[in-house]
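Reviewing the structure listed below.
The values are calculated or read from the model by the stated rules, or taken from the named source; none is laboratory data. On a predicted model such as this, the values are computed, not experimentally measured, just so you know. We place every Cβ from the backbone using ideal geometry, glycine too, and count neighbours over all the protein chains shown. Just the protein is used for accessible areas: all its heavy atoms, side chains included, with ligands, DNA and RNA removed. Shrake-Rupley method; radii C 1.70, N 1.55, O 1.52, S 1.80 Å.
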Amino acid sequence: MSGGRPNPFGCFDRRFAVELIPALAAMVAALAIAGLLPRSEPTRLLMAGLSSGALAWTIIVAVAAIRRLDELQQRIHLIAIAVSFAATGALLAMTLFFKVAGVGWFPSGLVLSEFMLAVWAGGVVVLEHRYR
């Protein structure tokens, strides 16, 4: 960034990666193990719980990283997150209306989360430029 402005994604640094990698490794391992087990196996539920806990940890780590930013950067991220939440809700409602009408498809949770992430990142870039 020019003018000495901090990188809006600078909070996702080496420290963030160090805190995140063990949770991602646990999530991938648990999902791989669960995929090898029969559906009725109780261990599969345990692996799903471990994956869910690892996902919750990744969210906590991301929020903690954003909290380390200065007030303006936090505000930029908050607005971008709010816009991405609203845009994802609108996309979800729109696709549901089309599905009820008999056309279109209903997005999976993975598609929705990727859409939300893309809108959030785009919002951060646009807002960072706006506040320059």
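Please specify each residue of the range 4-32 satisfying the condition of being under 14 Å from LEU69 (Cα atoms), open to solvent by less than 50 Å² (accessible area, probe 1.4 Å) and part of a helix (DSSP H, G or I).
PHE16
Filter the range 55-100 down to residues that are in contact with a helix residue (DSSP H, G or I) (Cβ under 6 Å, 6 or more places away or on another chain) and of a type in the set (Gly, Ala, Ser), then give me how many there are.
4
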